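Enquirer: One structure, as structure tokens, below. Some questions next.
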Amino acid sequence: MARPGRQDRGLMKQTDSQGKSVWSVRLYHEGKERRFGSFPTKTKAREFYEKAKMEQKEGRFFPERYQHGGYDTVEAVIERYLATATTKKAYKDEQFFGTWWKARFHDQRLNAITPQRIEEAKQHLLKEKKSLGRVNRYQAWLRHVLNVAIRDGKLTTNPTAKVKMLRESKGRTRFLSPEEEGKLIESLGPVYGPYARFAILTGLRQLEQFRLEWSHVDLERGLLTLPVTKAGDCQYLPLNEEAKAILRSLDSWQRSRWVFPCRTQANPKKPATHLDPCNFMRLYRAAVLDAGIEWVSWHDLRHTFASRLAMQGVPLTTIAALLRHSTTSLVKRYAHLSPAYLQGAIEEVSRFGKVEPGDEKQGSEVPVLNGTVTKTGNAGSEEGEKVS
């Protein structure tokens, strides 16, 4: 039975300072009365009431989202996230993105982050000459933080889900030719040249190589153990004979736990840490310029490793395994580098079912419907058998 005058439970009519009728909602949550509003119409108030009751039944009603302006501030949400991200390897990047988005939504609440505002932020970044990939990293970081806010009950939906990522150009995969490699290694000199050659022979990432310890090297089995990797788990990498020869030529085992130790001026005989990538890259950049070749980053040495595997006809699944990728999606860029291998494979289609020259004399096996196999040869051959 309807209540007189449609006085719905929880809906209360009030008059604002201008004498207009507004509506508010009264709810009991966790034994306490809470009020929400105001709403311009009774319909809006009823919609909120029904939504809130449904959220209470499903255990996802958080009144803080609707009180005191509706939401927490963007800065408070980001600060809480950063406080839990201190153990991440890329914490400096976390801080950088957090600082930028806090300045973008200074003193604003979460409901101020709308798809339109996100698009405006992306256009601002593009005007600052940020690359498409870099702009996508800004958006991806914000999406992750807002997903955490949803988990914590501070948001119901993520506005970044309605904003498409920019289409990034994959560009050209840079890898060294043998001539370029020779010039680079010569420019690096007898000390650091083997470092680059070792990277090409193993496909190790820069930090994986520079953090390598002698206790993780097994020259007898030709195996490297990588306890700390990008994937976060322990991985293993086989070594070829030349890579093992480079390791045997190093004498760092006599004075350091690191395979590639830092040569400090204070105490060069007892380096306490591994080679610092930032310091080494200054030397590496100078060597690339001196070599007179097109710019090649250290990570391009890893691309060179994979590219040469592809040009030797190694299957993409094997390349992915040697690069320690979980799927082949990231190694498809190397597929076009093995045309001879692919051409040989496609020729098998035309040869299917044909008898090669000389095979007629030797005979071939022909399957028959009854499941047996007979040999055919020249007419009248003793080896030929009749099919009954």
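Enquirer: Kindly list the residues of the stretch 290-323 that lie in the label zone of GLU179, defined by a backbone N under 14 Å from the point 7 Å along the Cα-to-C-beta vector.
Expert: 292-294
Enquirer: Quick check for me: using +1 on Lys/Arg Cβ and -1 on Asp/Glu Cβ, what's the dipole size of the stretch 67-174 about its Cα centre, in debye to the nearest 20? Intermediate results must be reported in sequence, preceding the final value.
Expert: Values: 23 positive and 11 negative charges, 155 e Å.
Dipole magnitude for the stretch 67-174 comes out near 740 debye.
Enquirer: Tell me, what is the FRET efficiency for LYS13 and MET54 to the nearest 0.05, using R0 = 25 angstrom and their Cβ-Cβ distance as r?
Expert: Values: r = 23 Å, r/R0 = 0.92.
The formula returns an efficiency of 0.60 here.
Enquirer: What Kirkwood Rh does the stretch 4-61 have if only Cα atoms enter the pairwise 1/r average? Answer in Å. Present the calculation step by step, with values, prior to reporting the outcome.
Expert: Numbers: mean 1/r = 0.0836 Å⁻¹.
Result for the stretch 4-61 stands at 12.0 Å.
Enquirer: Okay, moving on. Test of the criteria: in the stretch 135-228, which GluC sites (Glu not before Pro) are in a DSSP loop and have at most 12 other Cβ atoms within 10 angstrom of their Cβ? Write out the running numbers ahead of the final one.
Expert: Working: sites: GLU168, GLU179, GLU180, GLU181, GLU186, GLU208, GLU213, GLU220; in loops: GLU168, GLU220.
For GluC sites (Glu not before Pro) across the stretch 135-228 that sit outside H, G, I, E and B with at most 12 neighbouring Cβ atoms in 10 Å, the list reads GLU168, GLU220.
Enquirer: Using the Cα centre of the stretch 4-61 as the reference point, and only Cβ charges (+1 on K/R, -1 on D/E), how large is the resulting charge dipole? Debye, rounded to the nearest 20. Mind showing how you got there, number by number?
Expert: Values: 15 positive and 8 negative charges, 24 e Å.
Dipole size: approximately 120 debye.
All of the numbers you see were taken from the coordinates with simple rules; none came from a lab. The structure displayed is predicted, hence computed values, not measured ones. Reconstructed Cβ throughout: ideal geometry from the backbone, glycine too, with neighbour counts over all protein chains shown.
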